[in-house]
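Dumping the structure here so I can ask a few things about it.
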Amino acid sequence: MVELEKEVLPLPPRYRFRDLLLGDWQTDDRVQVEFYVNENTFKERLKLFFIKNQRSSLRVRMFNFALKVLSCLLYIVRVLLDNPQQERQDWKLIIWVDRPLPLWALQVLVAFISFSETMLLVYLSYKGNVWEQVLRVPFILEMISAVPFMITVILPSFRNLFIPVFLNCWLAKHALENMINDLHRAIQRTHSAMFNQVVILISTLVCLMFTCICGIQHLERAGNNLTLFDSLYFCVVTFSTVGFGDVTPQIWPSQLLVVIMIFVALIVLPIQFEQLAFLWMERQKSGGNYSRYRAQTEKHVVLCVSCLKIDLLMDFLNEFFAHPRLQDYYVVILCPAEMDVQVRRVLHVPLWAQRVIYLQGSALKDQDLMRAKMDDAEACFILSNRFEVDRIAADHQTILRAWAVKDFAPNCPLYVQILKPENKFHVKFADHVVCEEEFKYAMLALNCVCPGTSTLITLLIHSSRGQEGGACSPDQWHRTYRRCSANEVHHIRLEESKFFGEYQGKSFTFASFHAHKKYGVCLIGVRRLDTTNILLNPGPCHIMGASDICFYINISKEENSAFVRGHREPAWGGGVGGNGRGVHQSIYHGLTRLPVHSIIASMGTVAIDLQDSSDSSPEGQTLSLPVMGDSAEERRHSIAPVLELVDGVSHPTFDLLGDQSEDEGGEEGKEDSDRDESAHWWGRHCEWVKGYPLNSPYIGSSPALCHLLQEKMPFCCLRMDKACHHIPFEDARSYGFKNKLIIVSAESAGNGLYNFIVPLRAYYRPRKELNPIVLLLESIPEADFLEAICWFPMVFYTVGSIDNLDSLLRCGVTFADTMVVVDKESSMIAEEDYMADAKTIVNVQTLFRLFPALSIITELTHPANMRFMQFKVKDHYSLALSKLEKKEREKGSNLVFMFRLPFAAGKVFSVSMLDTLLYQSFVKDYMISITRLLLGLDSMPGSGFLCAMRITEDDLWIRTYGRLYQKLCSSTGDIPIGIYRTEAHKLPVSESQVSITVEDYEDTREPREPLLSRAGVHRNSTSSEPISSSSSHCSDHPLLRRKSMQWARRLSRKGGRGSSGAKGGPGSAAERISQQRLTLFRRSERQELNALVRTRMKHLGLSPTGFNGMTDQGNRLSYILINPSPDTRLELHDVVYLIRPDPLSVVPNQGGSRKCSAGRGAESHRFDSQDSTHL
């Protein structure tokens, strides 16, 4: 032990303390490990240079190819220099040739280099089996063409020995194939296999021809002594199967070679052609590539879809190429599925064949994105497959595609379509996102309070020239509807605009009214230069600036319009009174073709006192109607002018918050009295507040100020058809609602259904006009969804199905005003195309028959199925509309279904109509934002909202749309954008009046004057199409037919006896009997359906009181006029679409406004109440 201690040497003094602190005093036993030492060997380094490295291997292949081509050229030179002299057949000429010494030296050098390279590659490729390397065809050919030259160096006597150097052409072909493969790897580009196969085929043909030419020429040295050109001529004539026979081989070796070469060609060439044809077919399926040169010199967009249907393709192409500046764009479709027959047929049409390129591939593969040149694309549209069984899985695929495109091409603008709102936040990085369920439910909700909203939005987001239906249509509503449907939303900077440039420094309402009166354009919104928020109708307080972006509705944008003026345009300088009386003689000759309207002519007999608007006294600035006297002669309606500026204006109608407070204050007394009656079931939940919903069912929903309950409703109270210890009621009648119900039939309570409730509970809707909402669901909703809706007032749910009458009665269908039928996700997939809507259409038709007074809004999967809504077999008018739709389809119209009565009235909607919103955003990047504001999905401070007002008899004194425009702008600040018009239409006698079960036996050609005259009574209906008592097929009921025939026989006997002495004769009696019999049959059918409903209501314990199933809406049609001309006559029961200013926006001089409101007349209060009415 002592010896061991003596052997340990002490540490140096100057390192001891520091090393103890740093821990370095111990011996360092770490070992450095080197990795990949096997690659440092000489063989591995050579293998890396000749084989593994892409660029160096490519250089070696190119050198080898050049070497083989050089050897073939040297052989041709040797043949050209050779001139054998013979008098008879000499076989020695085949073995020995004349080879000059310099040529021999070059050939030996080339052979030595080629032999060395071949042996080096064999050594590097050796893996333990030498025969695998030796028996390869390239190695054998190399030995045949190179080793003899090495022998001639040792044995000079063999220098003139014939060596088949021309076989190096096959080695050159092999080197060319390897070179192409290395070229693809080196430059990271994937050329199609079609290009490789074509190169191989061409090189095979060249090698066969070259081998045959050289072989025949050499063998014929002992015969005809053919030249190289003669041999070429013979081979071309032989292989082309022409066979002139002027040049032929004379000796048997050359003849045998020709036979061998023909057999080789018959075996090799068909194989090559077969591979080429297979690759051509595969390329036709995959679509090939979009060349880099085209991508750099031309503009293109990429459409990524998982499944391409013909309807989706045509909607995209028609909408995308409808814009003039997109005519030179190319569309590259990237789809993983094979192109179906219909799509292939369409893409072969010359119109699309030069514009559309179909590529079969996946967006998740960089190779396919490179084929589509995604990094050079102007935009990428990624669409979800709405026909997928699992819609959530379809969204997941869309999200991955969006991520893959963003990773590959970060600068490429993305336009993404998503199905479920809960998946929207995953693609928030995209430039534009359209969530299908968000827009769908919001549009269906607004359809309940603003009729025809779905059609209004659809027409605005579709590009059209207003040429559908033809200008010579016999129906006036066709021509008017067609012309107004061409209106779209456009934008322009104010300082660059002819429409709005003269209104710089004026109020928004002043600019909107005068621009519509003068040019026929409807200014709906603006955007400041320093912000990205669009404001719809910011109100009269907004002053137009030179840098403002103006958004307006017109048939064409201003850049495509022409102006012709009669005289110099008056300036708007100074006061309004100075130039307000000047008559504008301007005529607008753009695409709108509007008539001439001057200020005086357009206002008719309206008294316009423009000087009073510039008066400084408060009385002179009052925009209200004058106080009427007692005498009827003194009563005269007038419309106040629209003020240029509202700063300092004291006017009651500008106090938009005052209307809200007045509305709520006026209801306080009624609410107090009603509160005592409803306290026994409503309890503490009768207190309403305005605020933002506390719980949202998904991430990414826009906050919206709504009517909310002060305390949330218990989950048990949300179910209407079951009583709980809080509420003992089990049906809608027991609740005693003042307003009619809105029923929504859906398969399940998805998160998108939340967007149906929010627009109907928006803060700007008066509390007294809110309709109870009942959700008819096939399954009990989850707790998360109930937690989101329990804060909204008068929102309930029931469990049932639309095809069950008991479920409909329990949810209160007899007390409902509107029923929304949402398309079921589980039925979107059908074995046969367009059969996905079969169940929905039949169920809705049953609802029409059972409840004819109910307004039903239906969502369909396929727009083509609109023709089956309210279907009538022998209705001549419907048949005429069907023929019109076919003509529009042949013309390639964007809206072939626009003249279908259910669509024109806004009673049917398909979510595929929203696809064009995403396509149009490529040109108009503001369209999604404007649509969201109109639908209430977004709420910007200071931005208005969409509502509607109904024209009553007291409003007909306004007479024209232009006068209404002025009245609204000068009073409430509203901007009208269109009219929803319902008018009576006398359809021909058809199955809409007579059931087919009787029509088979009786003559139905008699006129139905009582029925048509009765149709005029219901003029206030806004339904799209009358639902007659027997508008569709009824079942051939034997009891019903037997009773009908018994009544008919009884009436015929009475009529026969009573008419024996009448002057009318037997003919008039027969007609009277026939009419009475058909009337009784029609009544009996209606009575049977009513009896069925009443019986089920009694069976369920529901009171049938109040159920009126005899309502006959008559023959009516409804349609929408977007931005009609100022001289359009207003009709009774017209519904005018309005964009109302934000009630929470800043209102100047509220105190003065309230003072002036006390002095208004009774008529003024009546019109203002009409203006603030929300449907």
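The values are calculated or read from the model by the stated rules, or taken from the named source; none is laboratory data. None of the values given here were measured: they were computed from a predicted structure. With ideal geometry, Cβ positions are generated from the backbone for all residues, glycine too; neighbour counts draw on all protein chains shown. Remember, those area values only see protein heavy atoms, side chains included, never the ligands or the DNA or RNA. Shrake-Rupley method; radii C 1.70, N 1.55, O 1.52, S 1.80 Å.
Using packing as a proxy for protection, rank 424-435, 115-126, 200-211 so that the peptide with the highest average count of other Cβ atoms within 10 Å comes first.
424-435, 200-211, 115-126
Applying a 10 Å radius around every beta-carbon, put 848-856, 337-345, 223-231 in order of their mean neighbour count, most first.
Put in order of decreasing packing, that is 848-856, 223-231, 337-345.
Please list 536-545, 315-324 highest first by mean number of surrounding beta-carbon atoms within 10 Å per residue.
536-545, 315-324
Roughly how much of residue 261 is accessible, in Å² to the nearest 10, using a 1.4 Å probe?
10
P(r) tail for the stretch 133-282, what percent of Cα pairs lie past 23 Å?
The answer is 50 percent, as a whole percent.
Mind giving me the nanometre distance, one decimal, between the label points for residue 137 and residue 344, set 7 Å out from Cα along Cα→Cβ?
Roughly 3.4 nm, to one decimal.
How large, in Å, is the stretch 212-291 by the Kirkwood hydrodynamic radius built from its alpha-carbon pairs?
It works out to 14.7 Å.
How much area per residue is accessible in the stretch 376-445 when the probe is 1.4 Å and only protein heavy atoms are counted (Å²)?
Accessible area per residue: 32 Å².
Another one. With all protein chains present and a 1.4 Å probe, how do 791, 280, 96 order by accessible area, largest first?
The ranking, largest first, comes out as 280, 96, 791.
Once you put a point 7 Å from the Cα of residue 73 and another 7 Å from the Cα of residue 353, both along the Cβ direction, what distance in nm separates them?
4.3
While we're here: With each pseudo-label sitting 7 Å past Cα toward Cβ, what's the residue 112-residue 835 distance in nm, one decimal?
8.1
Hey, another quick one. Work out, step by step, the length gained on full extension between residue 66 and residue 30: first 0.36 nm times the residue separation, then minus their alpha carbon distance; give nm to one decimal.
Roughly 7.6 nm would be gained on extension.
Tell me the net charge near residue 859. Cut-off is 10 Å between Cβ atoms, residue 859 excluded, with +1 for each Lys or Arg and -1 for each Asp or Glu.
Spelling it out: positives minus negatives among the neighbours equals 0.
Still on this structure, please answer the following. Report, in listed order, any pair from 299/557; 43/68; 557/907; 127/173; 440/740; 839/907 with a Cα-Cα distance greater than 19 Å.
Cα-Cα > 19 Å for 299/557; 43/68; 557/907; 127/173; 440/740; rest within.
Let me ask something additional. What residues from the stretch 370-388 fall in the zone where the backbone N is under 19 Å from a label point 7 Å along the Cα-to-C-beta line of residue 54?
Answer for the stretch 370-388: 370-375.
I would also like to ask the following. Between residue 199 and residue 1095, what length in nm is gained on full extension when 0.36 nm per residue of separation is reduced by their alpha carbon distance?
Full-extension gain reported as 314.3 nm.
Let me ask another. By how many nm would the segment from residue 549 to residue 269 lengthen if fully extended, with 0.36 nm per residue of separation less the alpha-carbon distance?
Full extension of this stretch gives 94.1 nm more.
Beyond 17 Å, what share of the Cα-Cα pairs of the stretch 296-350 remains, rounded to the nearest whole percent?
Across the stretch 296-350, Cα pairs with separations above 17 Å total 39 percent.
Another question, then. Along the Cα-to-C-beta direction of residue 804, a point sits 7 Å from the Cα; which residues of the stretch 741-774 have their amide N less than 19 Å from that point?
Label zone hits: 743-750, 774.
Within the stretch 38-65, find all residues whose amide N lies under 17 Å from a label point positioned 7 Å from the Cα of residue 120 along Cα-to-beta-carbon.
Answer for the stretch 38-65: 41-65.
Then there's this: Estimate the FRET efficiency between residue 367 and residue 842 by the formula 1/(1 + (r/R0)^6), using the beta-carbon distance for r and 35 Å for R0, to the nearest 0.05.
Rounded to the nearest 0.05, the efficiency is 0.15.
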